[in-house]
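So the structure is just underneath, and the comments pick up after that.
The values are calculated or read from the model by the stated rules, or taken from the named source; none is laboratory data. All values reported here derive from a predicted model rather than from experimental measurement. Glycine gets a Cβ as well: all are built from the backbone with ideal geometry, and neighbour counts include every protein chain shown. Heavy atoms of the whole protein, side chains included, go into the accessibility calculation; ligands, DNA and RNA do not. Shrake-Rupley method; radii C 1.70, N 1.55, O 1.52, S 1.80 Å.
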Amino acid sequence: MENIALADPGAHLSIWALFMQASWVVKLVMIGLLCASIWTWAIIIDKLVAYSRMRLALNRFEQVFWSGQSLEDLYRTLSDRKTTGMGAIFVAAMREWQKSFEKGAKSPLALQTRIDKAMDLALTREMERLEGRLGFLATTGSAAPFIGLFGTVIGIMTSFQAIAASKNTSLSVVAPGIAEALLATAIGLLAAIPAVIAYNKLSSDANKLAVRMEGFSDEFSAILSRQIDEKVAQKA
Amino acid sequence: MRTGLTTSVILHAVVLAFGLFTLSSPPAMPAANVESVAVDIVPMEAIAQSLQGDKKAVMHEKPAPLPTKRPDVVPNAQKVGENSVDTDKPVTDEAKPKPVEKTSAPPPAPTPTEKPAAEDVPKPQEKPKPTPATEVAPTPTPKEEVKPEPVKQTDPKPAPAKEPTPTPPKETTAAIQKEEVKPDAVAQAIAKEQPTEEAKLPDSAPAPEARPKPQPQPAQAESAKAPDRKDAEKPVKEASSKPKSDEKQFNADEISALLDKQKPSGGGAKRSTQQASLGGDKDQGQKLSKSEQGALEAQLGGCWTLPVGLEGSENFVVVVRFNLDTNGKLDGRPAVEKSSGNRQFDESAVRAVQKCDVAGLQVPAGKQDIWNDIRVTFDPREMLGL
């Protein structure tokens with residue numbers, strides 16, 4: 001019957017007061033939504049930073065790659081450090097190339113296939129790293145409003161029970177309970193809206209990066225294929 | 001990831017802190033302390049209602065009472081009020097001096113003289129009178145017989161003229177005088193007894209204006225006053241002719257009682273002792289509401305059978321007017337007020353009213369006044385849905 005205190009006209013309507021007046025279910029919902037919001041924003045910030053870094057790295061690598069530097073030199077410098085994006089694909093392909101030629105590969109066709117496989121694997125691993133946790137944004141964007149609504153319905157139910165108990169239907173009795181209940185929906189929307197927007201933007205950004213890396217891997221595959229043919233011709 | 005998480009947490013903390021301080025307790029909405037306006041739904045009839053009264057009169061809090069409150073005073077009263085007399089006078093501000101003097105002057109004069117005379121003398125004398133009359137009758141001509149009878153019969157109750165009359169017949173029987181002598185004797189006796197009062201009487205006689213009856217009074221006064229000038233036969237004839245019609249009703253003793261002592265002012269509320277209130281010529285208060293009219297028409301429509309074989313009967317419309325008494329029964333035959341042009345059709349509508357009356361018309365109680373006169377339009381398209 002603590003909810004009868006809702007009849008207190010408009011005294012405690014600050015957000016903190018509303019939160020404290022809510023029942024534990026609604027509190028739980030609000031806290032969960034707040035955590036989801038925090039995590040959503042953490043992901044957004046992280047991804048934005050990661051994508052911008054990736055973009056920079058791609059640009060720098062392309063610059064270096066097309067500067068006319070020999071592939072062996074480039075491999076030697078990149079293999080020492082931790083690489084991302086195109087660098088990782090390049091390192092994976094060159095590693096496979098080196099291993100095969102050091103041991104003296106017999107079949108150039110099989111070598112080509114192995115290099116392609118290694119580049120695909122590296123690309124997939126890079127894409128996983130790029131698109132990881134974007135699913136959480138999608139889930140938050142679609143589910144948070146419903147979770148907030150659930151909190152609202154619970155809050156309104158309890159406030160109506162309080163009204164029935166107090167046998168008074170004046171607006172000052174009804175309003176605080178409804179305001180408290182609507183706070184849950186507000187928090188849900190607060191978490192969901194940035195999540196949806198960020199998910200759309202980040203997934204499209206990730207797509208662009210993926211396309212860029214696939215294009216590089218195809219191109220590099222073509223270059224390596226030409227190199228293999230030249231080596232085979234020299235040997236022959 | 002750690003950087004993202006920390007920035008996110010910091011961002012949320014900042015936003016929440018900002019929200020807690022700025023969004024705390026929004027200012028109360030200023031609600032104007034205006035009292036709510038009560039809205040009533042009033043039927044149009046309540047505004048259009050007006051009670052019977054006088055158009056020129058001042059409006060009073062309480063209107064003149066309705067006739068139904070005292071139906072026992074005058075059963076066939078036509079005007080509203082509680083007066084004993086049904087006057088039709090217009091409103092005047094104050095009573096005129098004339099009628100007041102006239103009405104006030106005579107009563108004191110006759111009462112002292114007449115009443116004792118009438119009480120004491122006439123009753124015992126009435127019975128002996130016919131005998132002297134019969135005694136007298138054989139001797140003089142039949143005209144004489146006629147004459148003394150009315151004189152005696154009319155006279156005994158009214159005092160001044162009649163006291164002398166019984167005495168002269170005795171004289172006449174004794175002396176066998178002629179008829180002409182009697183009026184003289186009467187006149188002389190009157191002159192002897194009350195010359196002054198009788199002089200007043202004729203003045204008072206013409207005073208009552210509203211009455212058609214007062215004519216006999218001046219005639220008698222004349223007969224008593226001026227027998228010398230006129231022939232004796234004329235007053236006799238007049239006297240003889242009048243008693244035949246008014247023998248029992250007319251009583252000269254009660255002239256004063258019959259006089260209209262009501263002041264001419266205060267009219268309007270016809271028979272009311274109260275001043276009239278502002279109002280119209282008729283009571284327009286109660287009317288049949290649309291729903292009541294519709295209910296009545298629905299009942300009549302149920303009783304209505306269109307004449308068989310009448311081509312295009314749905315195009316005819318007839319207005320029938322009929323009266324209902326207070327019990328809701330038909331009073332008289334319904335009249336066709338506005339004929340449809342087809343006699344059969346008109347008759348069918350009249351029959352519908354009569355048939356419904358036999359079955360019993362359901363009329364709302366409390367509106368008996370308006371059942372007096374009802375007009376119903378018989379339109380097959382509306383009543384029967386053709």
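If A:211, A:49 are ordered by their accessible area, calculated over protein heavy atoms with a 1.4 Å probe, which sequence runs from highest to lowest?
Sorted descending by solvent-accessible area, the residues read A:211, A:49.
Any idea what angle helix A:108-131 forms with the longest principal axis of chain A, computed on alpha-carbon atoms, 0 to 90 degrees, nearest 10?
20 degrees
Rounded to the nearest 20 Debye, what is the dipole magnitude of region B:290-383 about its Cα centre when Lys and Arg each give +1 and Asp and Glu each give -1 at the C-beta? Can you show the working numbers first?
Details: 11 positive and 14 negative charges, 17 e Å.
About 80 debye.
Work out the FRET efficiency for residue A:64 and residue A:168 from their Cβ-Cβ distance, taking R0 = 60 Å, and round it to the nearest 0.05.
Working: r = 76 Å, r/R0 = 1.27.
Result of the calculation: an efficiency of 0.20.
Enter the per residue convex hull volume of region B:290-383, computed from alpha-carbon coordinates, in Å³ rounded to the nearest integer. Provide the component values of the computation, followed by the final result.
On the way: hull volume 8.0 nm³, N = 94.
Once divided by residue count, the hull of region B:290-383 is 86 Å³.
Per-residue Cβ counts within 10 Å, from other chains only, averaged over A:31-44: what number is that? Walk me through the intermediate numbers first.
Working: counts 0, 0, 0, 2, 1, 0, 4, 7, 4, 1, 9, 11, 4, 3.
Whole-number average of other-chain Cβ neighbours for A:31-44 is 3.
Which whole-number percent is the relative contact order of chain A (Cα, under 8 Å, 6+ apart)?
Working: 231 pairs, mean separation 85.0, N = 236.
Reported as a whole number, the value is 36 percent.
Out of A:194, A:121, A:168, whose Cα points farthest toward the positive end of the dipole of region A:99-236 (charges: +1 Lys, Arg; -1 Asp, Glu; placed on Cβ)?
Selected residue: A:121.
Quick one: Cα centre-to-centre distance for region A:63-136 and region A:204-220, in angstrom?
Going from one Cα centre to the other spans 14 Å.
Calculated from DSSP H runs of 4 or more alone, at -39500 (n - 2.57) each and per residue, what is the 222 nm mean residue ellipticity of chain A, nearest 500? Before the final figure, lay out each step's value.
Values: 7 runs with 198 residues, N = 236.
After summing the helix terms and dividing by residue count, I get -30000 deg cm²/dmol.
Where the only charges are on Cβ atoms (+1 Lys, Arg; -1 Asp, Glu), what is the dipole of region A:22-235 about its Cα centre, to the nearest 20 debye? Kindly include the intermediate steps, with their values, before the conclusion.
Details: 24 positive and 19 negative charges, 64 e Å.
I would put it at about 300 debye.
Taking each pair of distinct Cα atoms in region A:22-235 once, what is the resulting Kirkwood hydrodynamic radius in Å?
Details: mean 1/r = 0.0475 Å⁻¹.
About 21.1 Å, per the Kirkwood formula over Cα pairs.
Considering only the other residues whose Cβ falls under 15 Å of the Cβ of residue B:341, what net charge follows from Lys and Arg at +1 and Asp and Glu at -1?
Result for the neighbourhood of residue B:341: -4.
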